[in-house]
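Read the structure below first, then the notes.
The numbers here are math on the coordinates, done by the rules we state, and not lab data. Since this is a predicted model, take the numbers as computed values, not measurements. Note that each Cβ is placed from the backbone with ideal geometry, even for glycine, and that neighbours are counted across all protein chains shown.
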Amino acid sequence: MVLVDTHCHLQANQFQEDREEVLARALARLDWLVVVGDDLPTSSLAADLVRDRVYATAGIHPYHASNVDSETLDELRALLARPGVIALGEIGLDYFHEYSPRVDQARAFEQQLALAGELRKPVVIHNRDADADTLAILRNHSERLPGCIMHCFGADAAFAEQCVDTGFYVSFAGNVTFPKAEKLREAARAVPLERLLVETDAPYLAPLPHRGKRCEPWHVELTARALAVEKGVSPDEFGAVTTANARRVYALELAVETPPQASLLGLQACCEQ
Ligand SMILES: [Zn+2]
Ligand SMILES: [Zn+2]
């Protein structure tokens, strides 16, 4: 089964003791994976982990939005120029925790989307209980973004359809396997296979039967198998299609071999629908 983990936090403290072993287990089973940053230190650590089949993102999570200033954006720009740093994220809005005031979240989100548009980098979006505002802000920038991933999707099928209609990819994490997550499974069924992605968000949200324990990137297999059932396809087909999706939205070949301003293929992938 060909498969990728499109979103994990392997730089997190939870992996301090055995990070290389966890990474080895992941790379033995997965094609490649993406280590996602959520502030400057974790984005820098993610970039340090880049190697063959390991990519990184850099961005400031809405939790930390109040800290974003022009210096932060300059440092992000530098991180995004490092090899293997293929996207800007995770960024977005979180009205559930609201650790930063909403006005700061919106400002930091807009500033980072503008940067992504300028650098022609895809974006990884964190949205919690902020569906309408997240979509409205993204729509303002969607023309300049080469790709957009709604990570750890947590909303309903109607919102998933709106995201697909806007040209985005929708990524599901291990919580889609939980018994009470029928709403999430309904959302997954509403997303065309060609727009689906699968992730762990490790160390969080381990899928069944590891729920409540530390999640590792290879656990993405369990989530993929559950999603394949929902989509009525074999695990092999599910893995092949979602891996191709991930290469497309992250503009992998371009990200690795050419400078960001040449990412025109990625742009087409976003606009062709
Ligand atoms: Zn997130
Ligand atoms: Zn995350």
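A few comments on the model shown:
- Per-residue Cβ neighbour rank within 10 angstrom, fewest leading, MET150, MET1: MET1, MET150
- Note on LYS183, LYS213: ascending count of other Cβ atoms within 10 Å places them as LYS213, LYS183, the fewest first.
- Between ASP104 and ALA240, the FRET efficiency estimated from the beta carbon spacing at R0 = 41 angstrom works out to 0.50.
- Once the Cα-Cα distance is subtracted from the 0.36 nm per residue extended length, the PHE96 to ARG29 segment shows a gain of 20.7 nm.
- Model label points for ASN13 and GLU143, set 7 angstrom from Cα along the Cα-to-Cβ axis, are 4.5 nm apart.
- Sparse-neighbourhood loop sites, GluC sites (Glu not before Pro) in segment 1-49 - DSSP loop, at most 14 other Cβ within 10 angstrom: GLU17
- Entry note, the chain: the mean residue ellipticity at 222 nm calculated from DSSP H runs of n ≥ 4, each adding -39500 (n - 2.57), is -13000 deg cm²/dmol after division by the residues and rounding to the nearest 500.
- Note on the chain: antiparallel DSSP beta bridges, both residues inside, total approximately 5 percent of the bridges counted.
- Residues in segment 64-101 that a label on VAL50 would reach, taking backbone N under 15 Å of a point 7 Å out along Cα→Cβ: 75-89
- Among LEU10, LEU193, the ranking by other beta carbons within 10 Å of each residue's beta carbon, starting with the fewest, stands as LEU193, LEU10.
- Simple label model, 7 Å out from Cα along Cβ direction - ASP129 to GLU161, nm: 2.6
- Restricting segment 64-109 to chymotrypsin sites (Phe, Trp or Tyr not before Pro) that sit in a DSSP loop and have at most 13 other Cβ atoms within 10 Å of their own Cβ leaves PHE96.
- Over every Cα atom in the chain, the radius of gyration and the widest Cα-Cα span, Dmax, amount to 16.8, 48 Å.
- Straight-line cross-link reach from LYS183 at under 21 Å between alpha-carbon atoms covers these lysines, not counting any fewer than eight positions away in the same chain: LYS231.
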